Amino acid sequence: MDSTVGPIVERSDISTCHMSNPTKPGAKPHILVRFISRQVIRRIYLNKRKLKSSPNEEYRAAYITNDVTPLRLRLKNVVTNIQGVEKCFIKDGNIHCDYKKVHKILYSPDDIFNVLKVDITDDMLKDLGVTDYP
């Protein structure tokens, strides 16, 4: 990456990468990249706007999405359905929500109880994919 745009990503910052199959005929494939650390990812996320305003057309065409594991997505969906949650999104791999007008950050499923002080129901456990529980 051009240093005038933002962070320089070195080859050593990349764990693996591959191209996805295009979903439409004639479409360009997406390039999926896994970085070696969250610090590298955070630098890139913080400089997304610089990429979009770059004079380089290839940088402007870059589309950067959040990294979401299946568990994080299930956790977000469970939190979204909790009464009192108004806004819920994933940022930097963590669940952010406005619960009873207060911004909260959840780092794990345990935070439903620890941070939101909500009792975890059997339905929540099932939605999180927990099948073996007392």
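The values are calculated or read from the model by the stated rules, or taken from the named source; none is laboratory data. From a predicted model like this one, the values you see are computed outputs, not experimental measurements. Every residue, glycine as well, gets a Cβ built from its backbone with ideal geometry; the counts of neighbours run over all protein chains shown.
In this structure, does residue 46 turn out to be assigned by TED's automatic domain parsing to the domain that holds residue 17 and under 14 Å from the mean Cα position of the chain (by Cα)? The answer is yes for residue 46.
Taking the range 62-104 as the search range and keeping residues that are within 15 Å of the chain's Cα centre (by Cα) and of a type in the set (Asp, Glu), which one is surrounded by the fewest Cβ atoms within 10 Å (Cβ to Cβ)? The qualifying residue surrounded by the fewest Cβ atoms within 10 Å (Cβ to Cβ) is 92.
Here 111, 119 are screened, and the one residue that is modelled with pLDDT of 85 or more and either exposed (fewer than 11 other Cβ atoms within 10 Å of the Cβ) or among the aromatic types (Phe, Trp, Tyr) (or both) is 119. Scanning the range 74-107 for residues that are closer than 24 Å to residue 44 by Cα, assigned to a loop (DSSP other than H, G, I, E, B) and either without any contact (Cβ under 8 Å) to a residue 12 or more places away in the chain or not hydroxyl-bearing (Ser, Thr, Tyr) (or both) yields a count of 2.
With respect to the conditions (1) part of a loop (DSSP other than H, G, I, E, B); (2) loosely packed, with under 13 Cβ neighbours inside 10 Å, residue 130 falls short on a single one, namely (2). In the range 49-61, the residue that is farthest from the chain's Cα centre (by Cα) out of those that are assigned to a helix (DSSP H, G or I) and without any contact (Cβ under 8 Å) to a residue 12 or more places away in the chain is 57.
Would you be able to say whether some residue in the range 68-90 is at positive phi and either of a type in the set (D, E, K, R) or not assigned by TED's automatic domain parsing to the domain that holds residue 33 (or both)? Steps first, answer last, please.
At the first step, the residues of the range 68-90 found to be at positive phi are 84.
Filter again for either of a type in the set (D, E, K, R) or not assigned by TED's automatic domain parsing to the domain that holds residue 33 (or both), leaving 84.
Yes, that holds for at least one residue.
What residue, among those in the range 14-40 that are part of a helix (DSSP H, G or I) and either modelled with pLDDT under 80 or loosely packed, with under 14 Cβ neighbours inside 10 Å (or both), is farthest from the chain's Cα centre (by Cα)?
Taking the range 14-40 and keeping what is part of a helix (DSSP H, G or I), we get 38-40.
Adding the requirement that they be either modelled with pLDDT under 80 or loosely packed, with under 14 Cβ neighbours inside 10 Å (or both) leaves 38-39.
Numbers: 38: 11, 39: 14 Å.
Out of the qualifying residues, it is 39.
Only one of the numbered conditions (1) over 30 Å from residue 101 (Cβ atoms); (2) assigned to a loop (DSSP other than H, G, I, E, B); (3) at pLDDT below 80 is not met by residue 66, and that is (1).
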